[in-house]
Amino acid sequence: MSLIKSISGIRGTIGGKSGEALTPIDIAKFTLAFGTILKQKETAAKIVVGRDARISGEMVHNIIIGNLLSIGIDVIDIGLATTPTVEMAVKAEHADGGIIITASHNPKQWNAMKLLNSDGEFISEKIGQDVLKKANSGKFEFVDVDKLGHVTTKDYLDYHIEQILKDVLVDVEAITAKKFKIVVDAVNSVGGIAVPKLLKALGVKDIVELYCEPNGKFAHNPEPLPENLSMLCSEVKQQKADIGIAVDPDVDRLALIDEKGVPFGEEYTLVAVADYVLKFRKGNTVSNLSSTKALKDITLLHGGEYTASAVGEVNVVEMMKSTNAVIGGEGNGGIIYPALHYGRDALMGIALFLTHLATSNKSMHSLRAKYPNYVISKNKIQLDEVMDLDAIMDKIKIKYKQYPQNTIDGLRIDIDQDWVHLRRSNTEPIIRIYAESNTEQTANAIAHKMQNDIIAILKEK
């Protein structure tokens, strides 16, 4: 059983002992802490709550709402909803915050609470620390019966889609004219509702639904990586479709498959969308340190400036605001388009990508071929409690001292034209090791060399 508490929320497996898993007691404490902190103002507090389709979602959802009501907070319950939909609902409702019930790409036994501020963005580190402290105290004050909060039920998906269609860079006519045939893999979560509905609104009539029943019984590993999308690749070829679309359970990550059944590359989702946006909105871009340098190449071609941030949506957003970026995100298929909102949004990504594809008069395979071709090798080392990560990093720094290094988030080393990035995961007890090069062989070699270096350091003890 696992329970991970962080400044961004609480994540854990369902079942087990309190304090060691995501139990009703842990959910209640965290909810009460967040609600109490938001309530520390003169006006009545209001929180938007939405969830993905995980099996445990209804249980977690009911606990959260009940506890918010018990401390006098009004709840806007938007039910089954994508993460970006909840983010947009917070702003539209002028709410004080939001709670998204989702463990994102984690397997079905996991669930989590993501916490939003009044701007519909992930809470700051300071507020996160306050929530953790309050939750650990276990001291909460409940209201009497006449001051209990109230629940209002709403559906915000239509609003979300309407706002996407209003954007000047989304060309419904161009998409409709192409008569795209699209296969959708929604991994049995809310994307099964949201993505087909968006596609129909964009004028796509030929939609093949794969794992679109939102029952939470994930048909495969829910992380939208190539190794988990074999059925989608096969279905695209069998159906002679133009595009395959995959999203994660809460629909903030977008992966694409071309007409040959070949993954477009989750890293290149953002690259392609940025290429399109920068044609019309000159400006800067941001991605995290573990993302492909292809985004930098494309940004420079359009006359903008590229900046790398620490990993994590809150860090990317902060950097985007400080650099006035017009597009940004993370290399895992997360697209942040500030003209709509500051949050990773697969639905907005779909609309912009389809417009780009439709107006380019290229196939997906041809479109991908126009971008610089880099390969990222993604690896990890399991951590145990006795590992001193700082000491490991210090030794790696010394070993590679002749190369430029960035330490804003773990350790990134630029080795000639390649790079390798080591960092502790925010959601799992692992060290992530990412390396990028022009070929898969070289990227793997760099990553494996770093793995061996770390293993050798550990054996020194």
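We did not get these values from a lab; they are worked out from the coordinates using the rules stated. Computed from a prediction, not measured in an experiment: that's the story for all the values here. All Cβ positions, glycine included, derive from the backbone under ideal geometry; neighbour counts span all protein chains shown.
Once you list every other residue whose beta carbon is under 15 Å from the beta carbon of Leu300, what net charge do they have if Lys and Arg are +1 and Asp and Glu are -1? Neighbour charge sum, excluding Leu300 itself: +1. Once the Cβ-Cβ distance of Lys237 and Glu209 is raised to the sixth power relative to R0 = 22 Å, the FRET efficiency obtained is 0.85. Quick check on my link table: of Lys166/Lys282; Lys108/Lys380; Lys91/Lys362; Lys200/Lys282; Lys401/Lys459; Lys91/Lys293, which ones sit more than 26 Å apart, alpha carbon to alpha carbon? Pairs exceeding 26 Å: Lys91/Lys362; Lys200/Lys282; Lys91/Lys293.
Taking label positions 7 Å along the Cα-Cβ direction at both Ser137 and Asn373, the computed distance is 5.9 nm, reported to one decimal.
On full extension, the segment bounded by Lys166 and Thr359 gains 67.7 nm, given 0.36 nm per residue less the C-alpha separation. Centre-to-centre separation between the Cα atoms of region 197-216 and those of region 12-69: 30 Å. The charge dipole of the chain, taken about its Cα centre with unit charges on the Cβ atoms of Lys, Arg (+1), Asp and Glu (-1) only, comes to about 500 debye.
Considering the options Ser18, Leu422, Met450, tell which one lies farthest towards the positive end of the dipole of the chain, charges being +1 on Lys and Arg and -1 on Asp and Glu at the Cβ, about the Cα centre. Value computed over the given set: Met450. Looking at region 1-157, what % of its DSSP beta bridges pair antiparallel, to the nearest 5? Just about 50 percent of them are antiparallel.
The slack between Gln417 and Thr176, meaning 0.36 nm per residue of separation minus the straight C-alpha distance, is 82.6 nm. By the rule of a C-alpha distance below 18 Å, with chain neighbours fewer than 8 residues away ignored, the aspartates and glutamates paired with Lys449 are Asp394, Asp414, Asp416, Asp418, Glu436, Glu440, Glu460. Are there trypsin sites (Lys or Arg not before Pro) in region 355-385 that DSSP puts in a loop and that have at most 12 other Cβ atoms within 10 Å, and which ones? When the trypsin sites (Lys or Arg not before Pro) of region 355-385 are filtered for loop state and at most 12 Cβ neighbours within 10 Å, Lys370 remain. Would you mind calculating the gained length between Ala456 and Lys41 on full extension (0.36 nm times residue separation, minus the Cα-Cα distance), in nm to one decimal? Using 0.36 nm per residue and subtracting the Cα-Cα distance, I get 144.0 nm.
Annotation for region 125-202: trypsin sites (Lys or Arg not before Pro) lying in DSSP loop with at most 10 further Cβ atoms inside 10 Å of their Cβ are Lys139.
With R₀ set to 22 Å, the beta-carbon distance separating Ser18 from Lys197 gives a calculated FRET efficiency near 0.05.
Taking the DSSP beta bridges with both ends in the chain, the antiparallel portion is around 60 percent.
Ranking Asn379, Ile78, Ala95 by Cα position along the charge dipole of the chain, where only Lys, Arg, Asp and Glu carry charges on their C-beta atoms, puts Asn379 farthest toward the positive end. Spherically averaged projected area of the convex hull of Cα atoms, region 165-369: 10.0 nm². Restricting the chymotrypsin sites (Phe, Trp or Tyr not before Pro) of region 341-382 to loop positions (DSSP other than H, G, I, E, B) with no more than 11 neighbouring Cβ atoms within 10 Å leaves nothing.
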